[in-house]
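Have a look at the structure below, then the notes.
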Amino acid sequence: MTPHLTRQLSGVVCPTPLPMRASGTRPHRGQARPVDRTDRSTPTPASTPTPTLTEETRETMSATPTTTHPDQLFLPGQAAAPEGPVDMSMMYLMHHGFRRDLRRFAAAAEHTPADDSATWAALARRWDLLAEVLHHHHTGEDAGVWPALLERADEHERATLEAMEAEHAGIDPLLRSCAERLAALAAGGGTGAEREAARAALAVRMAEANQLLGQHLAHEETDAMAILQRHLTPEDWDRIEAEAFESQNGPRSCSGWCPGSPTGSPPLRGGRRSRWPARRCGWSGG
Ligand SMILES: [Fe+2]
């Protein structure tokens, strides 16, 4: 945490940290690499002499298929990008946008003068848009992603997936509370002391939302995305995206909010830039 953010969060009552795996899935940021599908469930003892390859064995080995996993997107602030067959770039880009906006809203609530109604009104409009996109993102996960994984998950994985939905439910009231407080500041009214008290209360809620969402996103990226990569194929994911996300992304949801921007995120690799930011968000620049 930067000293600046530490100052912003000082004095804030923060929620209990969400359970995090001590040594989560190690982010893979390197080049795509072939995956060895050889069965290693019964390791060869060190004392066992290495068998000589017969011609038949060589033919079998040469016919063994290898799979190349996509190079996963890994953006600043992201906790993990578990390796696997499904390209989760859009998910990680959305998370990047959520982190960026929550961080900026927390700073704005801290520093905007309490009687600057015009700025509070602009912040309230932007907050409503962010909250709508975030709500749709969580709703899509709850309706499409977690149920698909729960059908395939073991008991340990189920606990993580059920935690995802519970964490979404914990974030929603915070978002609503921030919206109400922003609207009150935009409306003005009250004494100077009352407006300053309202601003200070909003700053606490914004910092809490920033921290709670950050913990949830890290949990999701580290553990839930690893489960997803174990159980879904790219075809599964394309179907889930179409059913759970794209059908909900109405014109308002994405036309005015973009998770990546020329100044807000690093450039994306290769064809990804032209594939989905433009398709999903109407963003063709940067
Ligand atoms: Fe997500």
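Only the coordinates and a few stated rules stand behind these numbers; no lab work does. Remember, predicted model here, so these are calculated numbers, not experimental data.
For segment 88-252, what number results from the quotient of the Cα radius of gyration and 2.2 N^0.38 Å?
1.17
So what are the ³J(HN,Hα) numbers for segment 169-179, from phi and the Karplus equation (6.51, -1.76, 1.60; θ = phi - 60°), rounded to whole Hz, Gly and Pro as x?
Computed from phi, the couplings for segment 169-179 are 5, x, 7, 4, x, 5, 4, 5, 5, 5, 4 Hz.
So what is the relative contact order of segment 127-251, in percent, for Cα pairs below 8 Å that sit 6 or more residues apart?
Numbers: 62 pairs, mean separation 53.6, N = 125.
With pairs under 8 Å counted, the relative contact order is 43 percent.
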